[in-house]
Structures are given as C-alpha cells and as structure tokens.
1. Quick check on the chain: what does the Kirkwood estimate of hydrodynamic radius come out to from the alpha carbon pairs, in Å?
2. Could you list the residues of the range 62-86 with an amide nitrogen less than 15 Å from a label point located 7 Å from the Cα of ASP25 in the Cα-to-C-beta direction?
3. So which lysines can LYS70 reach, going by Cα to Cα under 19 Å and dropping same-chain residues fewer than 8 places off?
4. Report the full-extension gain for the segment SER75 to ALA91: residue separation times 0.36 nm, less the Cα-Cα distance, to one decimal in nm.
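Every read-out reported here was derived from the displayed coordinates using simple, explicitly stated rules and does not represent laboratory data. Since we're looking at a predicted model, the values are computed, not measured. Heads up, the Cβs are rebuilt from the backbone with ideal geometry, glycines too, and the neighbour counts pull from every protein chain shown.
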Amino acid sequence: MFDLNVGTVGAVNIVTSENGGLSNDQIADMLASKLIYISDEAPEPIRLQADAFRDRVRNMAQYYIELARKEERASICAKVRDAGQLELAKAIGRL
C-alpha cells in the first residue's frame, strides 16, 4: 500500500543560540561552511588552501552581516524617530 524509499543524508549541522538569535559569528560560520566544502580526501596542500579561502570568505561574510545589522538598526531608529518616539529611538541606537 505504501511505497517507501530509503536514501542517505549527508552531513547535517545544527546551530542553536541561547537568549536571542544567532550571533554574527554563527551566521558567518554557517555561510562559509555551506559555500566551501573541503573533502577529507583532498590532498593536504589543497585542503590548506581551501581552509585559508574559507576563512577569508567567513571574515568577509561576518563584516557584511555586522554592517547589515547596523544599517537595519539605523533604519528602525529613523522610523521610530519619525513616529515621535525619540527616547525609544535613542535606546535602539545604543544596542
């Protein structure tokens, strides 16, 4: 009656956080590991080069994630200030 197919699933990474959302570091790590996969069977020089490249991608991703969050807060502050909530806008700006 039911046709069940069995397959395999590759490596699964789970990232959690406590008391808030994911950190910039966690998001940058997730992005770099998804973009750049390094085989365990790769020759050592290639693996080292790929590791260095993944670190550069991770650092660049972290920079732009931080910038995006900062700009989002600035946009929220502007909207809140436009709504007449000056103290709330100042408090958000200090985050």
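1. 17.0
2. Hits in the range 62-86 for ASP25 at 15 Å: 62-63, 66.
3. Leaving aside lysines fewer than 8 places away in the same chain, those within reach of LYS70 are LYS79, LYS90.
4. Taking 0.36 nm per residue and subtracting the Cα distance, the gain is 4.4 nm.
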